[in-house]
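These notes concern the structure reproduced below.
The values are calculated or read from the model by the stated rules, or taken from the named source; none is laboratory data. Nothing here was measured: the structure is a model prediction, and the numbers come from that model. Positions of Cβ are generated from backbone atoms using ideal geometry, with glycine treated the same way; all protein chains shown enter the neighbour counts.
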Amino acid sequence: MSKFQAPKGVSEYFPQRSAHFEFVRATLIESAKLSGYQLIELPVFEDTELFTRGVGESTDVVSKEMYTFEDRGGRSITLRPEGTAGVMRSVIEHNLDRGQLPVKVWYSGQFFRAERPQAGRYRQFYQVGIEAIGLNDPEIDAEVIAVAHNAFVKLGLKDYHLEITSLGDSLTRERYTKDLRQYITTLALDEATFERSALNPLRLFDDKREEIRALMQKAPVLMDYLTPESAEHFSQVQRTLKALGIEFTINNRMVRGLDYYTGTAFEFVHHRLGAQSGIGGGGRYDGLMSALGGAELSGIGFGLGVDRILLACEAEEISLPQDAALQLFIVPIDEAAKAIAMQTAQNLRTNGFSVDIAYGDRALKGGMKAADKSGARYAMVLGENEISTGSAQLKNMQTGESISVTLRTLQDELAQLIKLI
RNA sequence: GUGGUCGUAGCUCAGCUGGUAGAGCAUCCGGUUGUGGUCCGGAAUGUCGCGGGUUCGAGCCCCGUCGAUCACCCCA
């Protein structure tokens, strides 16, 4: 048992699974790039106030899940619990919104929330996110959803569904929550549940208990409160999604954990992940930019949970690719050969071949075993004979066949062989 | 933050009603001169998560603690 342990609730990826993780992340990123999003690389910590103002003081994320500390200059710093606020800060700070709109960016990295760990819920987790800032166009909403959809299709995920809704503008929300609260006061709720509803009445829609769900059946629905403009925007989003062949269900009781969402909101829910089933979600945020001191621009984006999407792939038994096989494994059998092996490997590597060597003083048999374990396509023994004759046997590790090559032209011969596979 | 379950070699696990630990896989070495995968033989490995307590004696009982896991809360 090692003396040090990883901090509670962090996910770690090491071989072989790390290749799967990287593949999932790369696939998500690729989808964003294919739709014209460009990388924005941001710090993992920000001024605490960015999140309290941006995400919302009353949200659980801000009120009880942030990793906040004081730096040496006495500033309050917080490890980012989500990505959108940081993107907005950077866009405002560097005037990225002064050019052509929308600004389309993607990001990827770690996020932090101090929650009790659970299946698919970590204190440090990975997201790939995108933001399209500056245009309030329903087609962009559809595009953002499509970027996630395309990535999931590419990965081969099937057992999930997409829920969408419209949360309306802030005025609509105000009028609606007032009525909803009114309705809730007419219900006979236990203390804890009532407390919960006081914080955010929408949460009762999410309650796991049947009796509460039944009670909420008759509650007012936000959709009925939408302004004509919001309603039209939302139906246009739906029409576009249908035209793109993206299936969805409308969930007019969707609850979002971050305060800044307005208008279109959506969530991808996987069916085999237990309690933490959201693999990605996002929505439009109209007031966020201005609330953070920027222009009156709206935006829309999503965050996809890389850890959870990997778990979803595994739950669906999707076979994810491993790293490409090593091309050559050299087995030197004495000191002189070792020096030549290093030289040879160096030459090949700098020319783009993947090469490994049997290090240590292993016997030939051990070296060949190492070659086998490495998964390399070819193995080559180097010893006195090879050095004196200048030629060696390249052994195909799958067929067991060997062919003679001259060390001088090894690179070309290897290139030929690799191409043949 | 609350609750349930769990914590034995690198991995997966066994260990009966308390008597100071085992298997499979993996690792390493070997099966006569320089070629892996199968097979055979052999070896190494654990302060039984950590700290206390009960006991003549604890991996097995009790308490605490750390971690994992599942659920709640919440969410990616």
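Odds and ends about this structure:
- Being touching a helix residue (DSSP H, G or I) at 6+ places or on another chain (Cβ under 6 Å), buried (at least 16 other Cβ atoms within 10 Å of the Cβ), of a type in the set (A, V, I, L, M, F, W, C) and at pLDDT below 95 is true of A:VAL62.
- Some residue of the range A:247-260 being in contact with a Ser or Thr (Cβ under 9 Å, 6 or more places away or on another chain), assigned by TED's automatic domain parsing to the domain that holds A:GLU139 and farther than 25 Å from A:PRO201 by Cα: no
- Residue among A:THR264, A:THR240 that alone is in the same structural domain as A:GLY278 (by TED's automatic domain parsing), closer than 23 Å to A:HIS149 by Cα and touching a Lys or Arg at 6+ places or on another chain (Cβ under 8 Å): A:THR264
- Across the range A:237-264, the number of residues qualifying as within 15 Å of RNA strand B (Cβ to nearest atom) and closer than 14 Å to A:HIS161 by Cα comes to 2.
- Checked against the criterion of being in the same structural domain as A:GLU267 (by TED's automatic domain parsing) and either at pLDDT below 95 or within 29 Å of A:LEU199 (Cβ to Cβ) (or both), the range A:29-43 has no qualifying residue.
- Applying the criterion of being out of contact with any strand residue (DSSP E or B) (no Cβ under 9 Å at 6 or more places or on another chain) and outside any loop (DSSP other than H, G, I, E, B) to the residues of the range A:91-120, the residue that is nearest to A:PRO7 (Cα to Cα) is A:GLN118.
- Note on the range A:283-319: residues that are near RNA strand B (Cβ under 9 Å from one of its atoms), farther than 30 Å from A:GLU229 by Cα and not in a helix (DSSP H, G or I) amount to 1.
- Condition check for A:VAL147: β-branched (Val, Ile, Thr), touching a helix residue (DSSP H, G or I) at 6+ places or on another chain (Cβ under 8 Å) and within 13 Å of RNA strand B (Cβ to nearest atom): no
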